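Data block below; observations after.
The values are calculated or read from the model by the stated rules, or taken from the named source; none is laboratory data. In this text the structure is predicted, and so the values were computed from the model without any measurement. In this analysis, Cβ positions are derived from the backbone assuming ideal geometry, glycine residues included, and neighbour counts consider all displayed protein chains. Quick note on the areas: whole protein, heavy atoms, side chains included, nothing else; ligands and nucleic acids left out. Shrake-Rupley method; radii C 1.70, N 1.55, O 1.52, S 1.80 Å.
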Amino acid sequence: MHLHRHHDGLGGSGAAAHRPDGTRRALRLGLGGPVGSGKTATVAALCRQLRPELSLAVVTNDIYTREDAEFLLREAVLPPERITAVETGACPHTAIRDDISANLEAVEELEERSGPLDLILIESGGDNLTATFSRGLVDAQIFVIDVAGGDDIPRKGGPGVTTADLLVVNKTDLAPHVGADLARMAADAKAQRAELPVVLQSLRGEAGVAEVAAWVRERLAAWQA
Amino acid sequence: MNRAALLLLADGRFPAGGHAHSGGAEAAVRAGRITDAASLEAFCRGRLHTAGLVAASLAAAAALGAEPGELDAAADARTPSPALRDTARRLGRQLLRAGRTTWPGGQLDALATVFPRGLHQPVVLGAVARAAGLGPEDAAYCAAYESVGGPATATVRLLSLDPFDATGVLARLAPDTDRVAGRAVRAAREALTDGVDALPAASAPLLEISAEAHAARGGRLFAS
Ligand SMILES: Nc1nc2c(ncn2[C@@H]2O[C@H](COP(=O)(O)OP(=O)(O)O)[C@@H](O)[C@H]2O)c(=O)[nH]1
Ligand SMILES: [Mg+2]
């Protein structure tokens, strides 16, 4: 065995906060939440908003292979080499929580391929309200629900709603059409989450993803400090 | 003998990425070759005596301390499908990551350094078994059992097969699994003196061909 040193990942598990050369690795943010709540749309909007100022990449975890990745490619929010699809064997929550190896490999490959990145967004394949990301995979997580999914979801709680670092209630533009009570959703979310932040957003509206982007910038500043 | 470590390494919940792979079961389900418990059993028996035997002998040889690079080349030679070679190295990298954090030590770290693109999963399995204080029999059993356990679990998800029926299949394959593990260890010991050509080269052409088709198709649930 000749032992000249190659890049061998980020030490044992990949959760280490520094690269082998001692610099801080990319901040990893997970986006989870039910199917159709607007995770991919939020990722796309974040990429458009943040790409002028940050170097970033995306990992998708599709239930059926590459749907989300292909959407992001079609929308051309990032160059293709910055988007990786991980396959999850019909169990998307396993891939982000119980066995994170494929996702860890994907984030490391992205950094190897693209050079040092500031931010990697990891979208979970839509799952139920109990799916959360392992702390071994992400540094913080965003849980995305939408008003059309029922305005009692914040009240019902569940690990995503109660513990995510940021709760996004998406599609507020649809509230009048589905009879959702936004004030009640906000109050219920606040009751479930105490001090943890909540953002109500419509990607169809003027402000779009701005508030979530501001939260991401804050997290990144804290991470890089 | 270090039985508790063996249980840990053989556990399907060991976080090494296997849950996203069906061992060819998804392709076989799509082709109508697996439709129920009986056809799952036939599929698994075939896989055990071909891919399973080869994997078990590679794992046993690695656990005995054979040169990993040579074993990896031997695995390549026994895996015609580029997609399967790719999958095997990917799973090897993922297993090495899990193994290095579970049983930290210089040998596995060195493996990651010398082979940054990864080694075939059975080769890593043998090395990890060694790092866990396990022997060649243990490594062979893990590989043999995994060669049928993966497809059985996947089929439960793919066909909504009764999970008790799937477990029954694995129980009926236990005597075959014993025999395959035994053969694999004998071959691995021979390979230590006679070289890697002494390792079995049983192959299942349909597994190789359908793995290529599976890798090329969209709308799949499992990576392989
Ligand atoms: N009206 C409305 N539709 C939205 C909004 N955000 C996303 N969508 C739509 O909701 C659907 C599902 O979004 P997607 O991002 O694919 O959901 P995901 O399954 O959580 O990734 C798509 O048709 C989006 O265009 C929003 O704020 N308002
Ligand atoms: Mg999506």
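Just how large is the dipole of segment A:27-224 about the Cα centre, in debye to the nearest 20, putting +1 at every Lys and Arg Cβ and -1 at every Asp and Glu Cβ?
In debye, rounded to 20, segment A:27-224 gives about 480.
Taking the Cα centre of the protein assembly as shown as origin and charging only Cβ (+1 Lys, Arg; -1 Asp, Glu), how large is the dipole, in debye to the nearest 20?
Taking the Cα centre of the protein assembly as shown as origin, the dipole is about 220 debye.
Counting only Cα atoms, I'd like the Rg/Rh figure for the protein assembly as shown, Kirkwood definition for Rh.
Here Rg/Rh amounts to 1.01.
Starting with the highest mean, order B:178-187, B:7-16 by the number of other Cβ atoms within 10 Å, averaged over the residues of each peptide. Can you show the working numbers first?
Numbers: B:178-187: 20.7, B:7-16: 17.2.
Descending mean neighbour count gives B:178-187, B:7-16.
What is the percent carbon and sulfur in the accessible area of the protein assembly as shown, measuring with a 1.4 Å probe over the protein chains and ignoring ligands?
Accessible surface attributable to carbon and sulfur in the protein assembly as shown totals 55 percent.
Using the heavy atoms of the protein chains and a 1.4 angstrom probe, tell me the accessible area per residue for segment A:27-224 in square angstrom.
Value for segment A:27-224: 38 Å² per residue.
Can you list which of the GluC sites (Glu not before Pro) found in segment A:126-225 are DSSP loop residues with at most 11 other C-beta atoms within 10 Å?
Those that pass, being in a loop and sparsely packed, are A:E195, A:E206.
I'm a student and want to see the number: the projected area of the Cα convex hull of segment A:12-69, averaged over all directions, in nm².
Seen from a random direction, the Cα hull of segment A:12-69 projects 5.5 nm² on average.
Over the Cα atoms, compute the radius of gyration (one decimal) and Dmax (the largest Cα-Cα distance, rounded to a whole number) for chain A, in Å.
My reading of the Cα-based Rg and Dmax gives 17.4, 67 Å.
Mind checking Rg over Rh on segment A:149-225, alpha carbons, Kirkwood formula for Rh?
Here Rg/Rh amounts to 1.00.
Under a point spin-label approximation (7 Å from Cα along Cα-to-Cβ), what is the A:R113-A:R184 distance to one decimal in nm?
Output for this residue pair reads 4.6 nm.
In square angstrom and rounded to 100, what buried accessible area do you get between chains B and A, total over both, with the probe at 1.4 Å?
2400 Å²
Under 5 Å between amide H atoms, partner at least 5 residues away or on a different chain: which partners does A:L31 have, H built in plane at 1.01 Å?
A:I122, A:E123, A:S124, A:I142
Would you tell me the mean number of C-beta atoms belonging to other protein chains that fall within 10 Å of each C-beta in B:88-100, as a whole number?
4
Quickly rank B:84-90, A:196-202, A:117-123 as a protection proxy: mean count of other C-beta atoms within 10 Å, highest first.
Details: B:84-90: 20.3, A:196-202: 18.6, A:117-123: 23.9.
Per-residue mean Cβ counts within 10 Å order the peptides as A:117-123, B:84-90, A:196-202.
Put +1 on the Cβ of each Lys and Arg and -1 on the Cβ of each Asp and Glu in the protein assembly as shown; which of B:L221, A:L117, A:L78 then has its Cα farthest toward the positive end of the dipole?
Farthest towards the positive pole: A:L117.
Going highest first, how would you order A:15-28, A:79-92 by mean Cβ packing within 10 Å?
Ranking, from highest mean packing down: A:79-92, A:15-28.
Along the positive direction of the dipole of the protein assembly as shown (beta-carbon charges: Lys, Arg +1; Asp, Glu -1; about the Cα centre), which of A:A90, B:A184, A:A57 reaches farthest?
B:A184
What percent do you get for the relative contact order of chain A when only Cα pairs under 8 Å and 6+ apart count?
Relative contact order for chain A comes out at 24 percent.
Ignore the peptide's own chain and count Cβ atoms of other chains within 10 Å of each Cβ in B:212-224; give me the average, rounded. Could the numbers behind the result be given before it?
Numbers: counts 0, 0, 0, 0, 0, 1, 5, 4, 6, 9, 5, 6, 2.
Average per residue, whole number: 3.
Could you name every residue in segment A:95-115 that has 50 Å² or more less accessible surface in the full protein assembly than in its own chain alone (probe 1.4 Å, ligands and nucleic acids excluded)?
A:D99, A:S101, A:E105
Among the trypsin sites (Lys or Arg not before Pro) within segment A:160-221, which fall in a DSSP loop and have no more than 13 other Cβ atoms within 10 Å of their own Cβ?
Filter output for segment A:160-221: A:R204.
Using only Cα atoms, figure out Rg for chain B and give it as a multiple of 2.2 N^0.38 Å.
Numbers: Rg = 16.1 Å, N = 224, 2.2 N^0.38 = 17.2 Å.
Cα Rg divided by the expected 2.2 N^0.38 Å: 0.94.
Can you say what percent of the DSSP beta bridges in the protein assembly as shown, counting only those with both residues inside, are antiparallel? Round to 5.
Antiparallel bridges make up about 5 percent of those DSSP assigns within the protein assembly as shown.
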